[in-house]
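Engineer: For reference, the structure I am asking about is given below.
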Amino acid sequence: MEKSGGLEQWHIHKPWAILCEIYAKLIGQVVQHWLLLVGVWQEEERSLVKATRLIRQKLGAILVVIGQGQRVVEQLAQLRASIGSNCRLEGTKKKPSSFQLLTQPPDYLVSKPPNLNPVA
C-alpha cells in the first residue's frame, strides 16, 4: 500500500470481492489513522511518515492477538513505545523542520515591529 492505502488497485475480478477488498483497505486506513492520532499526533517532533511505516510493519502482530483483550493492549503499548523511540524528526539549524519553527520561532517572527509613530 502506498500513500493512498492501495485503494486504487485490487487483485480480484469479482465485483463483490472487490467491494470487500476496498472495505478492508478502508478499515485498515481508519485503524492506521487512529494509531497515528493516539501515538504520534500530540508530540510535534514525531515523523508521521516514519510512524506510518512502523505501524504497517507491526500491524501483523496486533492482528494475531486482536480477540485477546489484554494482549492487544500490550501490543498497542509496545507499538506506542516503538513510535516514541524510533520516529523522531531530526532537527537542523540550517533548514529547521516545521516542529522546530513552531516550538522555537526565529527572532524575526516574534520580535516587535518598530514604533513608526513616536509620540514627541
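The values are calculated or read from the model by the stated rules, or taken from the named source; none is laboratory data. Bear in mind the structure is a predicted one, so any value in this text is a computation, not a measurement. Quick reminder, even Gly has a Cβ in these numbers, built from the backbone with ideal geometry, and neighbours come from all protein chains shown. The protein model used for the area step is the full one, side chains on, heavy atoms only, and it has no ligands, DNA or RNA in it. Shrake-Rupley method; radii C 1.70, N 1.55, O 1.52, S 1.80 Å.
Engineer: Looking only at residues that are at pLDDT below 70 and part of a loop (DSSP other than H, G, I, E, B) in region 92-114, which one is least open to solvent (accessible area, probe 1.4 Å)?
Structural biologist: SER111
Engineer: Still on this model: List the pairs whose first member sits in region 20-48 and is free of Cβ contacts under 8 Å to residues at least 12 places away in the same chain and farther than 16 Å from SER85 by Cβ, whose second member is open to solvent by 70 Å² or more (accessible area, probe 1.4 Å) and not in a helix (DSSP H, G or I), and whose Cβ atoms are under 9 Å apart, counting only residues at least 6 apart or on separate chains?
Structural biologist: GLU21/TRP10; GLU21/HIS11
Engineer: Failed condition for GLU43, given (1) closer than 30 Å to GLN100 by Cα; (2) in a helix (DSSP H, G or I); (3) not aliphatic (A, V, I, L, M), with all others met?
Structural biologist: Failing condition for GLU43: (2).
Engineer: I would also like to ask the following. Out of region 46-69, which residues are in a loop (DSSP other than H, G, I, E, B) and either over 14 Å from LEU79 (Cβ atoms) or open to solvent by less than 70 Å² (accessible area, probe 1.4 Å) (or both)?
Structural biologist: If we filter region 46-69 for residues that are in a loop (DSSP other than H, G, I, E, B), which is where we start, we get 47, 65-69.
SER47, VAL65, GLY67, GLN68, GLY69, listed by residue number.
Engineer: Okay, moving on. Does region 82-91 hold any residues that are open to solvent by 60 Å² or more (accessible area, probe 1.4 Å) and either outside any loop (DSSP other than H, G, I, E, B) or over 19 Å from ALA51 (Cα atoms) (or both), and which are they? It would help to see each step written out before you state the result.
Structural biologist: So the first thing to find is which residues in region 82-91 are open to solvent by 60 Å² or more (accessible area, probe 1.4 Å), and the list is 85-86, 88-90.
Correct list: SER85, ASN86, ARG88.
Engineer: Please go through region 30-45 and pick out each residue that is buried (at least 16 other Cβ atoms within 10 Å of the Cβ) and of a type in the set (Val, Ile, Thr).
Structural biologist: The answer is VAL40, and nothing else.
Engineer: Please go through region 49-68 and pick out each residue that is touching a residue at least 24 places away in the same chain (Cβ under 8 Å) and closer than 22 Å to SER98 by Cα.
Structural biologist: LYS50, ALA51, LEU54
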